[in-house]
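Heads up, the thing below is written out as structure tokens.
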Amino acid sequence: MRRLELLRSRAFRLALLYAGLFGLSMSLLLAVITWAAGRYFESHVDEFVTSEVAMLQADYEVDGLKGLLGLLHERMSSDTGQRWTYLLVNEAGVKQLGNATEWPTAVPGPDGFLTLPARNEDEPSRVRARTVELPGAGRLLVGLDDYELFELREALARAMFLGLGLMLLL
């Protein structure tokens, strides 16, 4: 009987309302943090791709096609080359060098980036890529796999659900 009175009391209902509002506000806060962190790291991926394109373009202007081919081969054979996607096609669209199989059919977004599926189909990530025209050589595609960004979002989502679960438990 005493327990039923406690559940009907105004203080209990206010405490329950407060706990619900607190849980909702913490959920919203964690969702905003997850979104902001994702945008922050995505912008860094975009910056890496943009600087890589600029560097390769500058190398082409200085060393020509032979120098660019050498640099691309060096990049693809390095440890970090596994995360990068490169494709150089001549003016006829024939592959000259690269670890991508074919020129993508995707259309760049308003920011100039293509979003492509990862080269490794087992990974749930994607590739953020840019293309550039190289006068006299064709087109160059440069992309970076955002697997770490995917992992970060997964970790933040797990932390959010764990925190909410603990809050409900307590």
Open item on the list: I'd like the chymotrypsin sites (Phe, Trp or Tyr not before Pro) in segment 1-100 restricted to DSSP loop residues with at most 14 other Cβ atoms within 10 Å, sorted by number.
Closed with: none
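Highest first, please rank the peptides 104-110, 137-143, 160-166 by the mean number of other Cβ atoms sitting within 10 Å of their residues.
By packing density, highest mean first, the sequence is 137-143, 160-166, 104-110.
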Task: Ellipticity estimate at 222 nm from DSSP helix runs (n ≥ 4, -39,500 (n - 2.57)) divided over the chain, nearest 500 - done: -21000 deg cm²/dmol
Task: 10 Å binning of all Cα-Cα separations within the chain, expressed as whole percents from 0 upward - done: 9, 29, 23, 13, 10, 8, 5, 3, 1
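In Å³ and rounded to a whole number, note down the convex hull volume per residue for the Cα atoms of segment 1-73. Please report the intermediate quantities before stating the final value.
On the way: hull volume 5.8 nm³, N = 73.
Cα convex hull per residue, to the nearest whole number: 79 Å³.
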Task: segment 12-75 - accessible surface per residue (Å², probe 1.4 Å) - done: 66
Open item on the list: Please give the Cα centre distance for segment 44-116 versus segment 15-38, rounded to the nearest Å.
Closed with: 41
Task: Principal axes of segment 108-170: Cα extent on each, largest first, Å - done: 67, 26, 12
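The values are calculated or read from the model by the stated rules, or taken from the named source; none is laboratory data. Fair warning: this is a prediction, and the values are worked out from it, not measured in the lab. Heads up, the Cβs are rebuilt from the backbone with ideal geometry, glycines too, and the neighbour counts pull from every protein chain shown. Just so you know, the surface numbers come from the protein's heavy atoms only, side chains and all, with ligands and any DNA or RNA stripped out. Shrake-Rupley method; radii C 1.70, N 1.55, O 1.52, S 1.80 Å.
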